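Engineer: Below is one structure. I have some questions about it.
The values are calculated or read from the model by the stated rules, or taken from the named source; none is laboratory data. Note that the structure is a prediction, hence the values are computed from the model and not measured. Methodologically, a virtual Cβ is constructed for each residue, glycine included, from the backbone with ideal geometry; neighbour enumeration extends over all protein chains shown.
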Amino acid sequence: MKTVAFAYHNMGVIGLNALKKHGFDIECVFTHKDDDNENIWFESAQTWCTKNDVNYFAPENVNTKEWIDKISLLKPDIIFSFYYRNLICEDILKIPKFKAINLHGSCLPDYRGRAPVNWVLVNGEKRTGVTLHYMVKKPDAGDIIAQKCIDIDFYDTAKTLFEKLEKLAASILDEALPNIKNNTIKPIKQDETKASYFGRRTKQDGLIDFEKNSIEIYNLIRAVTKPYPGAFCHYKGKELIIWWALPNNVKLQPKQIAIIGENVYIGTKKGSLELKEIEYDSKIYKEKEISNLLKGGHL
């Protein structure tokens, strides 16, 4: 099938590899230019295209008449989107002879929208997954082609959970792409009454509110720890990033710092956080080193 793909991030490369493996004819790939202000820890769709001799484009806005016309001239049979970050307009979605299909990192209709892996951790969810679905005007709302869900471990971070979803994505594509190619899929409508939507996250969303309980704050920490920007607070007028901490039952007042033995705790509304790794004034502190920096008192 003549294919136009929209791809970015590791999931984009996984999707492109799957299309190549299953004999889809990739006419071109639309991707993004890397953001200089973002930690680029993931694979590049541009590099994949260069290695595989596939044309690629990275326009700021693909939804202009110029790009719509160019895609129309390609006359694709199908369009795929694998973690492309921008909304693709309806004029483009209508171009392919077959359909436009998206790979989304949640068990739809839950967690439509941006950053689903981070959001499910922030909210303390127990399960998530990946969904292959038709693309419609409304984000992540089209009929479901295939879906796989897994349990979230209490110690999962966004990185470890994302790695699990990468394997799940490769598996779901291996199973679904032959059926898509043969037009033997049986899509299922999403239940709109169960739909939830979450928007993009920014660094400021990592600001810790110590009036929340220790489990809620722990969920934020693991949702945005490395390679993401991190959960942070302020200490003596400077930013303090908590890269890792574990919830604990030590009773303290919110923001109270206590050193018990060699361990450092910060109080929350309910329970406390045992600090394991922090960053302060561009320096990393771990375990015992933290007590030498935070000598008790309050944040």
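Engineer: Restricting attention to the range 274-299, which residues are on the phi > 0 side of the Ramachandran plot, over 32 Å from the mean Cα position of the chain (by Cα) and in a loop (DSSP other than H, G, I, E, B)?
Structural biologist: The answer is 296, and nothing else.
So that you can scan it fast, the table gives a plain yes or no per residue for (1) surrounded by fewer than 17 Cβ atoms within 10 Å (Cβ to Cβ); (2) closer than 18 Å to residue 173 by Cβ; (3) not β-branched (Val, Ile, Thr):
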site	(1), (2), (3)
19	no, yes, yes
30	no, no, yes
35	yes, no, yes
75	yes, no, yes
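Engineer: What's the total number of residues in the range 252-277 that are in contact with a helix residue (DSSP H, G or I) (Cβ under 6 Å, 6 or more places away or on another chain), without any contact (Cβ under 8 Å) to a residue 40 or more places away in the chain and surrounded by 13 or more Cβ atoms within 10 Å (Cβ to Cβ)?
Structural biologist: The qualifying residues number 3.
Engineer: If you check 84, 134, which single one turns out to be surrounded by 24 or more Cβ atoms within 10 Å (Cβ to Cβ) and at pLDDT 95 or above?
Structural biologist: 84
Engineer: Just checking, which of 255, 212, 167 is modelled with pLDDT of 95 or more and within 21 Å of residue 147 (Cβ to Cβ)?
Structural biologist: Among 255, 212, 167, only 167 is modelled with pLDDT of 95 or more and within 21 Å of residue 147 (Cβ to Cβ).
Engineer: Could you tell me how many of the residues in the range 73-87 are without any contact (Cβ under 8 Å) to a residue 60 or more places away in the chain and under 12 Å from residue 31 (Cα atoms)?
Structural biologist: Keep residues of the range 73-87 that are without any contact (Cβ under 8 Å) to a residue 60 or more places away in the chain, which gives 73, 86-87.
The next check asks that each one be under 12 Å from residue 31 (Cα atoms); those that pass are 86.
Count: 1.
Engineer: A follow-up question, please. Restrict the check to the range 49-60 and report whether at least one residue is in contact (Cβ under 8 Å) with a residue 40 or more places away in the chain, out of contact with any Cys (no Cβ under 7 Å at 6 or more places or on another chain) and either under 30 Å from residue 229 (Cα atoms) or not aliphatic (A, V, I, L, M) (or both).
Structural biologist: No, the conditions are met nowhere in the range 49-60.
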